[in-house]
Each structure stands twice: as C-alpha cells, then as structure tokens.
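The block underneath contains the structure these notes are about, expressed in structure tokens.
The values are calculated or read from the model by the stated rules, or taken from the named source; none is laboratory data. Because the structure is predicted, anything quoted here is derived from the model rather than measured. Here the Cβ is made from the backbone with ideal geometry for all residues, glycine too, and neighbour counts use every protein chain on show.
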Amino acid sequence: MQRNSSDRVLELDALRGLAAFAVLLFHYTTHYTYRYSPSYPTAFHFPLGMYGVELFFIISGFVIFMTLEKTEKPMDFVVSRFSRLFPGYWVSIVLNFITVKIFLLKVPAWCNPTARDALVNLTMLQEWFGAKQVAGVYWTLTLELSFYCLIFGVFILRKLKYIEALGALWLFLMVLNYQYLWRVHFHSPQILVVSKLLLFGHLFFAGILFYKLKVQGNTWYRHVFIGLCLVIHFMLRNEMRDTPDSFICTAIFFFIFYLFSFNLLEWIVQKPLVYLGTVSYSLYLIHENIGYLIINRLYAMHANPWVCFFVPMVCALLIATIITYGVEKPAMKYIRREYKHWKQKNIEQKILTIS
C-alpha cells in the first residue's frame, strides 16, 4: 500500500475520487434529465455512475475495519469518526438548505426539508427520526452510520477476531430475509429496515474480507466469502428488478480490490485521482443540488450542453476544495488535537492520584 505523510492509503484515495466523480457524472447527466428536463439534451449520459456508491461501501468496510484494528479505546474511534464526518457535513447541510429554500431549487418532496428537518439532519440520524433529507445523497450516510454502529459494537464486545464468522452469519440473514421471509409477509425489525444493512451489508463485509486478504494473506474461505458476497449482490438486485449493470460494476469493483490486495494497483495513484479522493467527501455531499441549480440557470440562458456540464462540475470541485481545506481538515485536526490533550491530562491526573 502506498501511504502519504498523513498515513492515508493512496490507492483507496484514488478509488474514492473515482467513486465520487462517477456519482457526480451520473447526477449531472442521466439523473438531471430524469428529474428536470427530458427536453434539454445533456452532453452525454452516464447511468453507471450511480453505482459509485457501492464502491464507497466496499472502501468503507476496508477502511473502518483497518481503523478499528489500530484503535485502543472506544472513544478513540468515536472521536476519529466524528471529526472526519461531521464538520464538512454540517457545512453541506447549510449550503444544500440555502440552495433549496433561498434559490428555490425544485426537488422531490422527500428531500424538500423544513427548518426542523434541517436541524434533525445535523445529527445524521434523520431517517431514524422520520425527517426529510436535506440532500438526496444523504441516504447513504444513514447506511454508513449504521455500519459504524454495528462494527463498533463488535469492537466493544472484543469480537473483531471473529468478524469473518459474524459476517458469514450476516450474509445468511440477508439471504433468509430476501429469499424467504418477505414471501410470507414477514416484516423485519424497523431498525434493520432503516439501516439498509440487509440490502448493502455484504459490500461492507466484502471490504473487510479484502482487508483481511491484503494484511493477513490467502485463505480459501476468504475467497469463498467474497464470492458469496457477489452472488448475494446478484440475488438482491435480481429480486429488486435492477439492471445487470449493478452486478457487472460490483464484479469489476471486486476485481479491482483483488488487484489492490495483491499490490497490483499502485498504478492508480495519480495526482488528479488522489486530489479527487482528498475532496471526495465534500464533493459527494454538495455537488448534487448546487449542480442542478447551476445547470437550470445555464439551460435557461440556452447554453451549450457541454457548458452546462463543465461549469457546475468546476464549481462543485472548487466548493468541495474550499470546504475540505477550509473546514474539514482544520476542524478534524483541531478536534483530534484537543482530544489528545484531554487524554494526556487525564493520564497525568491518574498518575498524580496514584502517587
């Protein structure tokens, strides 16, 4: 694995960048046409970009398990995730809310929030409280947070060493739920429905398996479980009447992670992709509504379709860069530094008490 000075895995940064940019391409072309204007021809269509979120989930499985393996205390993980996720997310809520409410961007009812909805969104638990999303892409944050809570529980119970057995049990639960229980009108517990882990949990588990494969080496059952994750993905998407594209893209993602696991992906570490990976979180959070607003205004001015694509793309990248380097990184550094000082002070107080 190639690492930079901040100990980030550069191959994963490059993959994050590709995933975020793929989602942006999907929203600014195919999804824009579907939502706003079939009569306005976009420069091109990229429906496969919607599957960038599935690549994000695999990356998350890999990274979060890697983080927990190096974590000593539960609060270390909580502070690490909070400092990484929330500062940039809060800024995105403000920007998206302004875009919808002040600039009057037309959005579907489920992401047309009130001020109360926006306040609930600050917790990242809006779906648990029945509040509307401030931006459509936020649905994946509920899923990510649900995975964090689940794997954190395994960490608290000191059962990470059994993660492969627990993951296999989860795969069985997913198969049981969508192949049998729903046919007899069995309703899964609401906590599982809202978390969406019965729909996407296999992708996080696949990421964990690739981490195990890369760090701990080959075992036959890891390959079997990875294969089962892919089979379950096909099964679930077939039940949901999804196109074969989802399965094909996920199979490609698995192949890419195999290359990564066997140190054959170093060629992907290119500066533009690493930069995209660095700003990918902010880019993912803010690009959709702001981009749609700009595209609408440009089409109203009868701009060329390529202009209607490049201008919002550049604006989204610029805003994401400002948030990343102006808010996200400084806030993360500050929170972690203060937490480190607090821990050190507690240790010193304990030493003084003992002495």
Inset, instruction - Sort out which residues of segment 106-126 are under 22 Å from the mean Cα position of the chain (by Cα), farther than 14 Å from V137 by Cβ and among the aliphatic types (A, V, I, L, M), and write them in order of number. - result: A118, L119, V120, L122, L125
Legend entry - Condition check for L236: within 18 Å of V23 (Cα to Cα), touching a helix residue (DSSP H, G or I) at 6+ places or on another chain (Cβ under 7 Å), assigned to a helix (DSSP H, G or I) and touching a residue at least 40 places away in the same chain (Cβ under 8 Å): no
Inset, instruction - Would you mind telling me which numbered condition in (1) without any contact (Cβ under 8 Å) to a residue 40 or more places away in the chain; (2) within 18 Å of N289 (Cα to Cα) S39 fails? - result: (2)
Inset, instruction - Would you mind stating whether F204 is part of a helix (DSSP H, G or I), closer than 25 Å to F129 by Cα, modelled with pLDDT of 95 or more and in contact with a Gly (Cβ under 8 Å, 6 or more places away or on another chain)? - result: yes
Inset, instruction - Just name the residue that is surrounded by the most Cβ atoms within 10 Å (Cβ to Cβ) out of those in segment 95-105 that are closer than 19 Å to W139 by Cβ and not aromatic (F, W, Y). - result: N96
Inset, instruction - Would you check which residues across segment 18-40 are loosely packed, with under 15 Cβ neighbours inside 10 Å and either among the hydroxyl-bearing types (S, T, Y) or within 16 Å of the chain's Cα centre (by Cα) (or both) and list them? - result: Y34, S37, S39
Inset, instruction - Determine whether R84 is without any contact (Cβ under 8 Å) to a residue 24 or more places away in the chain and part of a helix (DSSP H, G or I). - result: no
Inset, instruction - Considering every residue within segment 89-111, establish whether at least one is in contact with a Gly (Cβ under 7 Å, 6 or more places away or on another chain), assigned to a helix (DSSP H, G or I) and at pLDDT below 95. - result: yes
Legend entry - H187 being more than 25 Å from R81 (Cα to Cα) and either modelled with pLDDT of 95 or more or in contact with a strand residue (DSSP E or B) (Cβ under 8 Å, 6 or more places away or on another chain) (or both): no
Inset, instruction - For segment 112-124, name all the residues that are part of a loop (DSSP other than H, G, I, E, B) and surrounded by 15 or more Cβ atoms within 10 Å (Cβ to Cβ). - result: N112, P113, M124
Inset, instruction - Just name the residue that is farthest from the chain's Cα centre (by Cα) out of those in segment 127-142 that are touching a residue at least 60 places away in the same chain (Cβ under 8 Å) and either assigned to a loop (DSSP other than H, G, I, E, B) or farther than 19 Å from F200 by Cβ (or both). - result: W128
Inset, instruction - State all residues of segment 41-81 that are surrounded by fewer than 17 Cβ atoms within 10 Å (Cβ to Cβ) and of a type in the set (F, W, Y); if no residue qualifies, say none. - result: F44
Inset, instruction - Only one of these is in contact with a Lys or Arg (Cβ under 9 Å, 6 or more places away or on another chain), within 30 Å of G217 (Cα to Cα) and of a type outside the set (D, E): F234, F247. Name it. - result: F247
Legend entry - Flag if E164 is closer than 24 Å to A22 by Cβ, of a type in the set (D, E, K, R) and in a helix (DSSP H, G or I): no
